[in-house]
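Heads up, the thing below is written out as structure tokens.
The values are calculated or read from the model by the stated rules, or taken from the named source; none is laboratory data. Treat the numbers as computed from the prediction; the structure is a model and nothing was measured. Every residue, glycine as well, gets a Cβ built from its backbone with ideal geometry; the counts of neighbours run over all protein chains shown. Heads up: the accessible areas ignore ligands, DNA and RNA and are worked out on the full protein's heavy atoms, side chains in. Shrake-Rupley method; radii C 1.70, N 1.55, O 1.52, S 1.80 Å.
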Amino acid sequence: MARSGVHKDRELRIHESLDELITDLADYIAEISEAAVKERGVFAIALSGGSLIGLMGKLCEAPYNKTVDWAKWYIFWADERVVAKNHVDSNYKLAKDRFLSKVPIIPSHVHSINDSVSAEEAADEYEFVIRQLVKSRVISVSDISDCPKFDLILLGMGSDGHVASLLPNHSVLEEKDEWVTYITDSPKPPPERITFTMPVINSASNVAIVITGESKAEAAHLAVDGVGTGFPSVPAGIVQPLKGNLVWFMDKPAATKLDGSEFSK
Ligand SMILES: O=C(O)[C@H](O)[C@@H](O)[C@H](O)[C@H](O)COP(=O)(O)O
């Protein structure tokens, strides 16, 4: 690993190469899955869209395809584009084509959104599904908020610093009451999306933000270094699980603008 350590209270794992990042990410996910299955008998994981899914690809290969207890996995989306499930923009389709169809996850454990209703209805229905699964303890519950406590939420970050579909300078960032909400004006197409709210992300047991490429370097700097400085950070900088762990996975180009010689070289 190029550099790994705590920087401004954040656990950063900055990798020399994408291959190294991909292996570390697979090991990290496999370890959290094993710990959750040992502790709770199940593993509830929320995915995002974008480059993240390709970066998880190693999980479909040996040894992970054999060693991970796939039958205990329950899949959710931290955000989803409100398009048909077979649409090229669908995060479900992306995950299905590149990951879910390659490992023995039980189809009924895959909880995607209803793609035949409006964004608002899809968000409401998705929250209802999550509420049922919290009741049956497939998803744990936070002991400090009334929020669900996912075992792991995986996030990518846009070059504007958004995570899930929580956009900078958007009222969606202020949503505190709902678990799942919606937007209809995403600048990154398609415009209609559902998204976990920040309180849900910050109630997870584990959150990973996976960032690659130089186009993310400025936002990574604002997110990681902007915290505690008194000025509003980008949405990624507001991710800070209240009682969970947060790990930032980066490649070197994404880390080039971080403060401090140790991390920015
Ligand atoms: O559906 C989406 O668009 C996402 O879930 C979004 O939050 C994504 O993770 C980031 O935009 C990063 O995407 P890239 O890694 O492809 O830049």
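Tabulated results
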| read-out | value |
| --- | --- |
| Qualifying residues in the stretch 72-87 (those that are within 20 Å of the chain's Cα centre (by Cα) and away from the ligand (no atom under 11 Å from the Cβ)) - the one surrounded by the most Cβ atoms within 10 Å (Cβ to Cβ) | 76 |
| Total residues in the stretch 163-173, condition open to solvent by 20 Å² or more (accessible area, probe 1.4 Å) and either touching a residue at least 24 places away in the same chain (Cβ under 8 Å) or among the hydroxyl-bearing types (Ser, Thr, Tyr) (or both) | 3 |
| Among the residues listed as 144, 183, 105, the single one being in contact (Cβ under 8 Å) with a residue 24 or more places away in the chain and under 30 Å from residue 67 (Cα atoms) | 105 |
| The one condition in (1) open to solvent by 10 Å² or more (accessible area, probe 1.4 Å); (2) more than 10 Å from the ligand (Cβ to nearest atom) that residue 215 fails to fulfil | (2) |
| Matching option when the condition is under 18 Å from the mean Cα position of the chain (by Cα), on the phi < 0 side of the Ramachandran plot and not small (Gly, Ala, Ser), among 115, 143, 124, 151 | 151 |
| Count - residues of the stretch 143-156 that are within 7 Å of the ligand (Cβ to nearest atom) and either in contact with a Cys (Cβ under 6 Å, 6 or more places away or on another chain) or open to solvent by less than 10 Å² (accessible area, probe 1.4 Å) (or both) | 1 |
| Residue check, residue 64 among the hydroxyl-bearing types (Ser, Thr, Tyr) and open to solvent by less than 30 Å² (accessible area, probe 1.4 Å) | yes |
| Residue within the stretch 64-71 that is at pLDDT below 95 and either more than 27 Å from residue 242 (Cα to Cα) or within 16 Å of the ligand (Cβ to nearest atom) (or both) present | yes |
| Residue that is nearest to the ligand (Cβ to nearest atom), among those in the stretch 170-208 that are among the hydroxyl-bearing types (Ser, Thr, Tyr) and under 14 Å from the mean Cα position of the chain (by Cα) | 195 |
| Residue list for the stretch 162-194, filter: outside any loop (DSSP other than H, G, I, E, B) and either aromatic (Phe, Trp, Tyr) or touching a Phe, Trp or Tyr at 6+ places or on another chain (Cβ under 7 Å) (or both) | 180, 182, 193, 194 |
